[in-house]
Amino acid sequence: MQLLNTLNYRTMKSEHKLKKHLVLVILVTGVLLLIPLIAMQFTTEVVWTLSDFLIAGLLLSCTGAAFVFALHKMENNTYRLGVGIALISTLFLVWANLAVGIVGNESEDINVLYYIIPAIGLVGAFLSRFQSHGLSYTLSAMAVIPLIIAIVALMGYLQEPPHNTATQILGINMFFTVMFSLAAISFRNVARDENEKELIAE
């Protein structure tokens, strides 16, 4: 009976902490959205529409909530690091692509391909049930896509004016490849440690 009460207490405490962190995510999102709102009152260079605020709020809150759930799901700091790198990189990729476009400008058709990356992340995360082994493969796949897009862009002569230079195209895509690769390595290290613990237990 005492053990059951202890488990119930820990569960309630964990749920309370989760709700507290989710509220914090909402508050931080609200504060961040105040920055462009205030800037619009003093300069005409910052022009956000209602849809801009809604999309930004959705991206920030979903990213924050996903990281909070990861914090509560796993106590392994390497796993948390992998989640953090993956989420921040994906947020930056989607935000930049929506705002100005990664190749050329936001109207370039090739930029639609970048949305394959978060799609792979979502599908891979759910199929692997957020297990480190599956996530390492998911992030590895996400790391390859920017390189493929860069090659397609260069083959399509999108490095010529008025588009980005070849160095810019390769640089930004290599950045995302490196970031997603670091996340994949983090999850791979977690999976390796878990396998070693299982072998020792046997």
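Things to note:
- Between helix 132-155 and the chain there is an angle of about 0 degrees, using the helix long axis and the longest principal axis of the Cα atoms.
- When each of 106, 75 is scored by the number of other beta-carbon atoms lying within 10 Å, the sequence from fewest to most is 75, 106.
- Cα-based reach from residue 17 at 19 Å (exclusive), listing aspartates and glutamates while leaving out same-chain residues under 8 positions away: 75
- Of the options (1) 72, 47, 21; (2) 53, 48, 31; (3) 48, 43, 28, only one is Cα extents along the principal axes in Å as computed from these coordinates, and that is (1).
- The chain, helix-only ellipticity at 222 nm - DSSP H runs n ≥ 4, -39,500 (n - 2.57), divided by all residues, nearest 500: -27500 deg cm²/dmol
- Between 0 and 90°, nearest 10: helix 50-73 axis offset from the chain longest Cα axis: 30
- In plain terms, the residue of 193, 109 with the fewest other Cβ atoms within 10 Å comes first and the most crowded comes last, giving 109, 193.
- By other beta-carbon atoms within 10 Å, ranking 188, 129 with the fewest at the front produces 129, 188.
Rule-based calculations on the coordinates, nothing more; no lab input. Bear in mind the structure is a predicted one, so any value in this text is a computation, not a measurement. Cβ sites come from the backbone with ideal geometry, for glycine too, and all protein chains shown count toward neighbours.
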